[in-house]
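This report refers to the structure that appears directly beneath it.
The values are calculated or read from the model by the stated rules, or taken from the named source; none is laboratory data. No experiment lies behind these values; they were computed from the predicted model shown. Counting neighbours? That spans all protein chains shown, and the Cβs are built from the backbone with ideal geometry, glycine included.
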Amino acid sequence: MPNQTQSVGELVRGSIERDPVVRFGLLRGLVNHRALARAIQAESPVDVSFDALLSAIRRYPLQGIHEKRERVGKMILKLAMKNKVTVLSLKNDSETQRTIAQFSEGVNYSAGETFRVISSMDYVSVTLDTMNADRFETRVPKSTIRKKTAGLAELTIEMGPEVEESPGALAAVVVELALNEVNIRQLTSVGPGRVIVLVSEADALKSYLAVETLAKA
């Protein structure tokens with residue numbers, strides 16, 4: 001019996017710690033213990049007692065999760081939200097690169113305009129405020145545009161530089177958004193401690209409040 005109890009505890013601990021959504025959901029009281037026990041029982045490769053699983057879940061130490069969530073919250077220094085953001089996915093070729101370089105010279109970043117470029121071998125993702133998106137589109141052939149996603153909001157999260165050496169810190173932010181049913185459309189790290197999350201405008205307020213709650217943890 002002791003060995004069985006120990007193996008059940010290890011099974012539960014492994015299941016919880018592999019899934020940050022479940023882990024932080026338990027901390028916030030959002031996960032039904034009986035439902036979790038049934039899920040672990042269904043996935044277990046060996047027969048395990050439902051009651052033993054339920055007991056092990058109830059004994060799982062949440063204090064460590066709470067402390068980690070608090071540490072991540074203290075790293076969040078500032079939040080900012082901007083709506084009317086558009087992302088253009090373009091074919092990556094020499095003409096596209098020339099157009100991007102020329103257009104970027106006229107962007108007024110100090111006035112809050114947005115122009116951010118992420119390149120891969122085949123495609124270029126350009127994030128712009130709506131006004132600049134309309135202007136930029138007139139400068140590229142329609143055949144170059146693979147996809148246009150409008151109606152986005154940009155959540156900028158300023159975090160302390162220690163985030164870069166804190167395993168799981170960004171994951172905690174992502175989990176907080178997931179627990180609040182926010183669909184992340186794009187996530188980018190820009191410079192030390194700055195994280196930019198793109199969500200639909202419908203999720204803008206919800207995403208802001210979710211991260212703000214984490215910051216106050």
Matching residues in segment 102-134 - criterion: being within 14 Å of Ile145 (Cα to Cα), of a type in the set (D, E, K, R) and not in a helix (DSSP H, G or I)
Asp122
What residue, of Leu198, Leu214, Leu155, is over 23 Å from Ala111 (Cα atoms) and either surrounded by 15 or more Cβ atoms within 10 Å (Cβ to Cβ) or under 17 Å from the mean Cα position of the chain (by Cα) (or both)?
Leu214
Among the residues that make up segment 133-144, is at least one of them surrounded by 14 or more Cβ atoms within 10 Å (Cβ to Cβ), touching a strand residue (DSSP E or B) at 6+ places or on another chain (Cβ under 9 Å) and closer than 30 Å to Glu67 by Cβ?
no
Members of segment 53-78 found to be surrounded by 16 or more Cβ atoms within 10 Å (Cβ to Cβ) and touching a strand residue (DSSP E or B) at 6+ places or on another chain (Cβ under 6 Å), listed by number:
Met75, Ile76
Flagged in segment 118-128 as surrounded by fewer than 17 Cβ atoms within 10 Å (Cβ to Cβ) and under 19 Å from Leu152 (Cα atoms), in numbering order, are Ile118
Answer with yes or no whether Glu165 is surrounded by fewer than 20 Cβ atoms within 10 Å (Cβ to Cβ), out of contact with any Leu (no Cβ under 6 Å at 6 or more places or on another chain) and more than 25 Å from Ala133 (Cβ to Cβ).
yes
Asp51 among the charged types (D, E, K, R) and assigned by TED's automatic domain parsing to the domain that holds Arg18
yes
Extreme residue, farthest from Ser200 (Cα to Cα), among residues of segment 86-116 that are free of Cβ contacts under 8 Å to residues at least 40 places away in the same chain and touching a Ser or Thr at 6+ places or on another chain (Cβ under 7 Å)
Asn92
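Can you confirm whether Ala178 is of a type in the set (Gly, Ala, Ser), under 22 Å from Asp203 (Cβ atoms) and either in a helix (DSSP H, G or I) or touching a Phe, Trp or Tyr at 6+ places or on another chain (Cβ under 7 Å) (or both)?
yes
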Quick one: which helices (runs of 4 or more DSSP H) sit completely within segment 1-47 and have at least 1 residues that are of a type in the set (Phe, Trp, Tyr) and at pLDDT below 85?
20-27
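So, Gln102, is that one surrounded by fewer than 12 Cβ atoms within 10 Å (Cβ to Cβ), more than 22 Å from Ala171 (Cα to Cα) and assigned by TED's automatic domain parsing to the domain that holds Glu158 or not?
yes
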